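Trainee: The structure under discussion is supplied below as structure tokens; questions concerning it will follow.
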Amino acid sequence: MKGSIGAAAASFTILSSAKTYAANEKVVFGVMGLGGRGTYLADQFSQRSDVEIAYLCDPNTRRFARAREVVEENQSRRPKLVQDFRKILDDPKVDVLINATPDHWHGPGTIMACQAGKDVFVEKPMAHNIWEGRKMVEAARKYKRVVQVGMQSRSAAYVHKAKQYIQSGKLGDVHLVRVFNMMKHGFRKKGPDQPVPEGFDYDLWCGPAAMTPYNPSRRWLNMWEYSCGPIAGDAVHQLDLARLLIDDIPYPKAVSQVGDIFSLRDGRDTPDTQMATFEYDNLTLMMESTLWTPYIKKIPWSTRDSDKFPNWPFCSTRVEIMGTEGFMYFGRHGGGWQVYNPQGEIVHSEYGRQADREHHANFLDCIRSRKRPNADVEIGHLSSLLCSLANISYRVGNKQLEFDSETERVTNNNEANKYLKRTYREPWVLPENV
């Protein structure tokens with residue numbers, strides 16, 4: 001199981017046509033990444049009568065126990081426990097790879113799964129960088145794979161009602177959309193490098209990224225090598241919802257941002273404050289994000305999936321739609337939405353419900369029908385691209401970047417273009433032709 005991604009693909013059987021499933025036949029899954037999100041997805045999918053979880057995989061064997069426990073509570077067949085996800089790809093009985101890894105494995109893991117003839121459910125943000133995101137789209141299309149991104153709000157009914165309301169013209173012409181992602185993250189105390197724990201294949205965990213010294217005091221989410229940053233990892237949901245609400249507007253013409261590491265000076269690479277502006281024709285999309293504001297919080301569990309609305313000014317995951325005739329507050333996490341007229345009066349309200357199960361059902365339906373899912377790989381690319389552009393602006397000194405949608409390159413700053421793609425460590429180098 002050694003060699004580059006391109007060479008490894010040659011050993012896999014490529015499906016020239018999609019598998020067909022009998023009415024009662026289970027779709028066989030393998031799960032790559034058993035952190036909190038991966039274990040949650042293993043639990044949710046294994047509760048379905050049309051799914052069998054055949055593999056649980058993580059380079060860190062200490063994560064096996066909890067994931068195995070939840071899966072075995074839901075299904076009669078015990079999953080295999082493996083450290084190397086390529087064992088999942090080698091098994092022709094496996095239909096689907098769930099990719100719930102850190103950001104740096106989203107692209108390589110998904111592309112290799114497509115090459116191996118597997119459909120993929122990949123967590124957000126879909127790609128570590130813009131070039132990689134485009135390669136993921138190309139791989140999905142070339143190998144005719146269904147790739148669903150974990151932006152589950154796209155499967156929520158209340159989201160599409162809001163989109164229809166905006167399309168009706170009742171807000172007038174929309175020229176400004178504001179996305180918020182504000183909350184309080186903890187300060188990480190610095191500690192020394194340590195030996196890699198027994199049972200942890202740290203080389204494989206690092207994979208395509210640089211193999212930095214093992215240090216449990218560092219959080220991968222705060223390091224460019226492994227992450228798009230904690231802001232991007234969360235704000236991509238609201239950015240994606242904003243794009244959906246305004247007709248899935250594709251590429252911005254220009255991007256600029258201000259911000260830095262102002263509060264959480266704990267050795268992280270990624271900023272704790274980002275105010276990004278994305279410029280389109282007749283529309284400005286803004287993202288306002290912080291990691292040090294304890295008074296602004298995600299929608300509480302008591303409000304989600306209920307006939308309640310959040311405290312909008314202090315809701316950390318809201319979207320504001322500003323039209324010439326009205327204003328809309330929109331909440332992620334089933335927060336619903338409310339519309340105000342020019343006099344500041346509420347004229348329409350819709351409660352919300354989250355849609356994790358609906359998103360999973362849509363993925364399974366598309367596996368059988370071969371239709372594109374609600375959060376298709378192209379959609380995931382265009383939404384994560386916004387996060388990447390804001391990050392690139394930050395990394396080149398908060399400069400404004402002009403962006404060419406045809407080439408997916410920055411046209412006014414050559415330094416910025418070096419961040420469109422990462423350096424991949426052998427043997428995980430992504431080829432130009434996936």
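The values are calculated or read from the model by the stated rules, or taken from the named source; none is laboratory data. Here the structure is a predicted model, which is why all the values come from computation and not from measurement. Methodologically, a virtual Cβ is constructed for each residue, glycine included, from the backbone with ideal geometry; neighbour enumeration extends over all protein chains shown. SASA here: full protein model, heavy atoms, side chains in, ligands and nucleic acids out. Shrake-Rupley method; radii C 1.70, N 1.55, O 1.52, S 1.80 Å.
Trainee: Counting Lys and Arg as +1 and Asp and Glu as -1, each charge on the Cβ, what is the dipole of region 308-408 about the Cα centre in debye, to the nearest 20?
Mentor: Charge dipole of region 308-408: 480 debye, to the nearest 20.
Trainee: Moving to a separate point now. Can you give the percent of C-alpha pairs in the chain whose distance is more than 30 Å?
Mentor: Considering the chain, 43 percent of its Cα-Cα pairs are separated by more than 30 Å.
Trainee: Rounded to whole Å, give me the distance from the Cα center of region 203-233 to that of region 237-297.
Mentor: First find each Cα centre; the distance between them is then 21 Å.
Trainee: Now for a separate question. Check the straight Cα-Cα distances from LYS297 and name the lysines below 18 Å, setting aside those fewer than 8 residues away within the same chain.
Mentor: LYS184, LYS308
Trainee: Too long at a 20 Å Cα-Cα cut-off: which of LYS124/LYS399; LYS163/LYS298; LYS298/LYS399; LYS253/LYS399; LYS118/LYS142?
Mentor: In this structure, LYS124/LYS399; LYS163/LYS298; LYS298/LYS399 lie more than 20 Å apart at Cα.
Trainee: Can you give me the relative contact order of the chain as a percent, contacts being Cα pairs under 8 Å and 6 or more apart?
Mentor: The normalised contact order for the chain reaches 20 percent.
Trainee: Arrange the residues TYR55, TYR295 by how much accessible surface each exposes, largest first, with a 1.4 angstrom probe.
Mentor: Accessible-area ranking of TYR55, TYR295, largest first: TYR295, TYR55.
Trainee: Answer rounded, prolate or oblate for region 325-434, using the Cα gyration tensor with square roots of eigenvalues a ≥ b ≥ c: rounded when a/c is under 1.5, else prolate when a/b is larger than b/c, else oblate.
Mentor: Since a/c reaches 1.5 but b/c is at least a/b, the shape of region 325-434 is classed as oblate.
Trainee: Could you please put GLU132, GLU279 in sequence from largest to smallest accessible area, using a 1.4 Å probe?
Mentor: Final ranking, largest accessible area leading: GLU279, GLU132.
Trainee: Then there's this: In a Gaussian network model over the chain where Cα atoms closer than 10 Å are linked, find which of ALA361, ALA42, ALA100 has the largest mean-square fluctuation.
Mentor: Greatest mean-square fluctuation among the candidates belongs to ALA361.
Trainee: While we're on this one: Determine the dipole magnitude for region 253-323: charges of +1 sit on the beta-carbon of Lys and Arg, -1 on that of Asp and Glu, nothing else is charged, the reference point is the Cα centre, and the result goes in debye to the nearest 20. Could you put the intermediate results ahead of the total?
Mentor: Details: 8 positive and 10 negative charges, 53 e Å.
Here region 253-323 has a charge dipole of around 260 debye.
Trainee: Additional query: Summarise the accessible area of region 295-434 (1.4 Å probe, protein heavy atoms) by the percent that is carbon and sulfur.
Mentor: Answer for region 295-434 is 47 percent, counting heavy atoms of protein chains only.
Trainee: So if I take the alpha carbon set of region 125-245, get Rg, then get Rh from the Kirkwood formula, what is the Rg over Rh ratio?
Mentor: In region 125-245, Rg relative to Rh is 1.08.
Trainee: Could you work out the pair-distance distribution P(r) of region 362-420 from its alpha-carbon pairs, with 10 angstrom bin width and percents rounded to whole numbers?
Mentor: Per 10 Å bin, starting at 0, the Cα pair percentages come out as 22, 38, 19, 16, 5.
Trainee: Determine, from the Cβ-Cβ distance of VAL347 and TYR251 and an R0 of 25 Å, the FRET efficiency 1/(1 + (r/R0)^6), rounded to the nearest 0.05. Don't skip to the answer; put the middle values down first.
Mentor: Values: r = 33 Å, r/R0 = 1.32.
Using R0 = 25 Å, I get an efficiency of 0.15.
Trainee: For region 58-136, what is the convex hull volume of its Cα atoms per residue in Å³?
Mentor: For region 58-136, the hull spanned by Cα atoms encloses 95 Å³ per residue.
Trainee: Under unit Cβ charges (Lys, Arg +1; Asp, Glu -1), what dipole magnitude, rounded to 20 debye, does region 8-164 have relative to its Cα centre?
Mentor: Magnitude of the dipole: close to 340 debye.
Trainee: Principal axis lengths of region 9-128 from Cα atoms, whole Å, largest first?
Mentor: Result for region 9-128: principal-axis Cα extents of 37, 36, 23 Å.
Trainee: Here is a follow-up. In Å², what does the accessible area per residue of the chain work out to with a 1.4 Å probe?
Mentor: 41 Å²
Trainee: Among the DSSP beta bridges whose two residues both lie in the chain, what percent are antiparallel, rounded to the nearest 5?
Mentor: Working: 39 of 67 bridges.
Around 60 percent of the beta bridges assigned by DSSP in the chain are antiparallel ones.
Trainee: Also, quick follow-up: Using a simple spin-label model with points 7 Å from Cα along the Cα→Cβ vector, what separation in nm is obtained for LYS371 and TYR340?
Mentor: 3.8 nm
Trainee: Something else: Each label point is 7 Å from the Cα along the Cα-to-Cβ direction; what then is the distance between the points at ASN282 and ASN24, in nm?
Mentor: Going from the ASN282 label point to the ASN24 one covers 5.6 nm.
Trainee: Right, another one. Specify the residue with the greatest mean-square fluctuation among TRP301, TRP105, TRP205, computed from a Gaussian network of the chain linking alpha-carbon atoms under 10 Å apart.
Mentor: Looking only at TRP301, TRP105, TRP205, the largest GNM fluctuation is found for TRP301.
Trainee: Another question about this same structure. Counting each DSSP H run of 4 or more residues in the chain as -39500 (n - 2.57), what helix-only mean residue ellipticity at 222 nm follows after dividing by all residues, to the nearest 500 deg cm²/dmol? Spell out each step's value before the answer.
Mentor: Details: 12 runs with 124 residues, N = 434.
Computed ellipticity for the chain at 222 nm equals -8500 deg cm²/dmol.
Trainee: On to the next question. Out of residues 5 or more away from TRP292 or on other chains, whose amide H comes under 5 Å of its own, with H placed 1.01 Å from N in the peptide plane?
Mentor: Placed amide hydrogens put MET183, HIS185 under 5 Å from TRP292.
Trainee: Shifting gears a bit: Which is farthest toward the positive dipole end of region 242-372 among TYR329, VAL258, THR317, measuring Cα position about the Cα centre, with Cβ charges +1 (Lys, Arg) and -1 (Asp, Glu)?
Mentor: THR317
Trainee: Right, here's the next one. Measuring from a point 7 Å past the Cα of ASN215 along Cα-to-C-beta, which residues in region 265-281 have an amide N at less than 19 Å?
Mentor: It comes to 265-272, nothing else.
Trainee: Right, here's the next one. May I ask for the percentage of alpha-carbon pairs in region 48-197 that lie more than 22 Å from each other?
Mentor: The proportion of pairs with Cα distances above 22 Å equals 59 percent.
Trainee: 5 Å is the cut-off here: which amide hydrogens, built 1.01 Å from N in the peptide plane, fall below it relative to VAL31, excluding neighbours closer than 5 in sequence?
Mentor: Residues meeting the amide H criterion: TYR55, LEU56, CYS57, ILE98.
Trainee: Between LYS184 and ARG425, with labels modelled 7 Å along Cα→Cβ, what's the label distance in nm to one decimal, could you check?
Mentor: 3.6 nm
Trainee: Can I ask one more? Taking the Cα centre of each part, how many Å lie between region 149-196 and region 305-324?
Mentor: Spelled out, the Cα-based centre of one part sits 11 Å from the other.
Trainee: Now, a different point. Just check region 265-369 against the gyration tensor rule for me: Cα atoms, a ≥ b ≥ c as the square roots of the eigenvalues, rounded for a/c under 1.5, and otherwise prolate or oblate depending on whether a/b exceeds b/c.
Mentor: Rounded is the answer for region 265-369, as its axis ratio a/c remains below 1.5.
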